[in-house]
Amino acid sequence: MGRGADLPSRGRLLRPAVAGAVGHVVRPGPAGLRRTAPPRAGAGDAGVRPGHARPGAGRAHPRPHRRPGRAGPPPVLRRAPLRRRVASCSCVGSSVARCTEQGSVGAPCSGLAPCARSGLSLPLSNVAGVSDQDVPEAQRRAEQLRAEILEHDERYYVQDAPIVTDAEYDELIGELRRLEEAHPELADEASPTQQVGGRASAAFSPVVHSSPLLSLDNAFVEEDLRSWDERLQRRLGVAEGDAPIAYGYVCELKIDGVAISLRYEDGALAQAATRGDGRVGEDVTANIRTIADIPDRLPAGAPAVLEVRGEVYMTTAAFERLNEWAAEHGHAPFINPRNSAAGALRQKDPSVTGRRELSMWSYGLGEVQGGPSLARHEEMFDLLRELGFPVNPEIRTVDHIDEVVALCAHWEQHRHDLPYEIDGVVVKVADLARRADLGVTTRAPRWAIAYKFPPEERTTTLLDIMVSVGRTGRATPYAVLEPVFVGGANVERATLHNQDQVAAKDVRPGDTVIVRRAGDVIPEVVGPVLAARPDGLDPWTFPVTCPCPVQSTLVRPEGESDTRCVHPECPFQVQGAIEHFASRGGMDIEGLGERTVAQLIELGLLHDVAGVYELDFDRILELEGYGQTSVDNLRAAIDASKDRPLRHLLVGLNIRHLGPAGAEALARRFGHLDDIVAADAETLAAVDGVGPTIATSVRSWFDDPAHLGVIERLRDAGVNLEGDAAPDVEQTLAGLSVVVTGTLEGYNREEVEEAIKSRGGKAPGSVSKKTTAVVVGDGPGASKLTKAEDLGIPVLDEAGFEHLLATGELPG
């Protein structure tokens, strides 16, 4: 929804039951509230393994990327905790504040991010340099902030070309508001803290809103939500210690899009306007008519005049298609869905808007003449749905502030399960009469607040671009960044994917860049802030040699996007291959991790994957840090791995394109490694789940005499080369695809997949048109349920799943 969003709210209170078998259809409800505590920031959280670069046109780095560390199993909580503030900190706050604690790597400390010392958030009002400023200094800073904010408003609302992230903008607003609260003499009605947003663009006809599209106050931590609720109770006359007034809370996803007001007269769309400054917006009626979600005419009986407030947005899938189109036509990639949606709405040619695949959620009403009397916010959603407007299915109405906190925590964790971007949760009083009692300020209603998630985009300086080489020889460029706190961690490295992506994004060392870290995804550089680019920055070029001691030439095969080191003795590939062989998806050898593998290679005790079973444990025992117990444990883990099923060995051999699903398909079809080695590419490709690309890669791998030598050494070591015994259960699910979401009582994740696959079925991780059924347990993924409903796919409970396993038929 972006900064200064207008009351974002949309959704059905309850999804209707999904069509399916009687007695076996479940009614999806709110997803479970499991949550892990946010990881403590650290310099290595999003880093790469250390190594040494060599100078050149570009610089290469010898170790591949690591995914950020994951937290342990999530505790089950009645109410998942949100971020909390601490009482004090020695940091100094400013609009671009940096923590001054010793050992900090530059994490912002402005009331939104963890303090480097405590790891917890703090209010800037407790920070030296705000409330204690003298008046002249405070006035100077306030004027500076106002000018800076107004410039950013112009870039964001009018030009659709922001140069700071929403989180950084919020920091500016927050600091200015705290200054004005600490020094009331600085209050100014023209201050950005008293205004709604940007002005309307002169490129479009102005539209005066019949009722203002107000902004919202923000909450960043749990205490903010509870303080807001306490203020409401006090304003309604509840004394301390008295029972609170029950008014209900509507919790709505805060869609990251563009606020819109739609005016209907006599059932026909008469005008559509952007929010502008909240009072005067821009006429974008022609462009709005291209959005399929928005009706041109309303059904009979609609109010004579009806203003519908909503949010225009772009789904992540549509955004990806837009960037694919941009790449095909030689255009620079678009930065994010929100900016793309805003730009699409402001096109002079409506056909361009139509091609951008915009969508809309309706969430409220403005002026209404001749409409029904409404008592609660939920009734507003019912009316909107009856009139044909899309309403978000994730809205929930709850009774207690504890439930509000839990929902905010839930969506903070599960935001990436959705097919569109959100940046928070909007909480509103559900009782419309109580809203009237609470009223509004000049810029925001008192009865609503927006809980905003930690920032996932930040700007920082790109210090260098280097290259890492992985186990397959792929050379991956990555960004070396001025450390920045984003997405819950300190980020110093971010992926740039490949040579073409660097060129398309045109990022250069010395640029100010936008960095994104979403969920568990490796941080990436979104693009440069061109307005901040220094003069004279040269484009970056890819290195020509591998940084390994062999220094072989890097090669980019024709038709591929990746550049590779193809030398078989590249030590970075050797180490990566052995680590992969010993990993959980491969032979699962506990104790043979990155550090141990590197040490054994460096000492000449390990050269390839077969060498794992030829280790001299007496020599290992002589090494510093290895006692008899650790050596015995390593030996036992290696011996145990010899009995792993064939599919684990196939994964561990590091054959390009061959993953767990393909390995399992080959192991089931052939039953023995020798039969796979003997099969030609055509036979391999005919295996369901393999295909020509994997088949060609497998055939090529086994055609290499060196690889056949490795196989013989594995055989001599006693490694199992046979697949699982042929299933003795009836193939009831042959040709069927079953998706499972949530936790089932009678199965863990591995068991439920085995139950499906052993009966000839497929168990993909996502819902598609080819899906036969979706099985729902506790805590299901919202996006899977929504897609199943959209595609009309049957949704089964555990009893229905058991029936399907036994008969191969959907329960009737």
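Please treat every number below as a calculation from the coordinates, not as lab data. Predicted, not measured: the structure shown is a model, and the values here were computed from it. Positions of Cβ are backbone-derived with ideal geometry, glycine not excepted, and every protein chain shown enters the neighbour counts.
At a Cα cut-off below 16 Å, give the lysines reachable from residue 505, other chains included and same-chain residues fewer than 8 away excluded.
Here the lysines satisfying the reach criterion relative to residue 505 do not exist.
So for region 263-315, what are the equivalent ellipsoid semi-axes in whole Å, largest first, each being the square root of 5 times an eigenvalue of the Cα gyration tensor? Don't skip to the answer; put the middle values down first.
Values: eigenvalues 74, 41, 18 Å².
Semi-axes (√(5λ), whole Å): 19, 14, 9.
Each label point is 7 Å from the Cα along the Cα-to-Cβ direction; what then is the distance between the points at residue 605 and residue 140, in nm?
The two pseudo-label positions are separated by 6.4 nm.
Dimensions of region 738-807 along principal axes (Cα, Å, largest first)?
28, 24, 19
Once amide H atoms are placed 1.01 Å from N in the peptide plane, what residues at a sequence separation of 5 or more from residue 554, or on another chain, have their amide H within under 5 Å of its amide H?
The answer is 545, 546.
For the ranges 325-338, 778-791, what's the packing order if you count other beta-carbon atoms within 10 Å of each residue, average per peptide, and put the highest first?
Per-residue Cβ counts within 10 Å, averaged per peptide and sorted highest first, yield 778-791, 325-338.
Under a point spin-label approximation (7 Å from Cα along Cα-to-Cβ), what is the residue 693-residue 715 distance to one decimal in nm?
With each label placed 7 Å out from Cα toward Cβ, I get 3.2 nm.
For residue 376, which sequence-distant residues (separation of 5 or more, or a different chain) have an amide H within less than 5 Å of its own amide H, given hydrogens modelled in the peptide plane?
Result for residue 376 returns 432.
Taking a threshold of 25 Å on the Cα-Cα distance, which of the pairs 762/784; 254/770; 428/452; 254/784 fall above it?
As for pairs spanning more than 25 Å Cα to Cα, those are 254/770.
Assuming a ≥ b ≥ c are the square roots of the Cα gyration tensor eigenvalues, decide whether region 222-452 counts as rounded (a/c under 1.5), prolate (otherwise, with a/b larger than b/c) or oblate.
oblate
With the alpha-carbon atoms as the only input, what is the per residue convex hull volume for region 457-555 in Å³?
Taking only Cα atoms, region 457-555 has a hull volume of 107 Å³ per residue.
How large is ³J(HN,Hα), in whole Hz, for each residue of region 247-257 in order, when computed from phi with the Karplus curve 6.51 cos²θ - 1.76 cosθ + 1.60 and θ = phi - 60°, using x for Gly and Pro?
Per-residue couplings from phi come out as 10, x, 10, 9, 10, 10, 5, 8, 5, 8, x Hz.
For region 564-717, with the dipole built from +1 on Lys and Arg beta-carbon atoms and -1 on Asp and Glu ones, taken about the Cα centre, which of 714, 687, 655 lies farthest toward the positive end?
Going by the charge dipole, the pick is 687.
When you count, for each residue, the other Cβ atoms within 10 Å and take the mean per peptide, how do 267-274, 363-370 rank with the highest first?
Final packing ranking: 267-274, 363-370.
Quickly work out the residue 500-to-residue 385 label distance, labels modelled 7 Å from Cα along the C-beta direction, and quote it in nm with one decimal.
So the two model labels end up 4.4 nm from each other.
Return the Rg/Rh ratio of region 292-423 with Cα-based radii and a Kirkwood Rh.
Using only Cα positions, Rg/Rh for region 292-423 is 1.03.
With +1 assigned to the C-beta of every Lys and Arg and -1 to the C-beta of every Asp and Glu, and no other charges, what is the dipole magnitude of region 658-750 about the Cα centre in debye, to the nearest 20?
With Lys and Arg at +1 and Asp and Glu at -1, about 220 debye.
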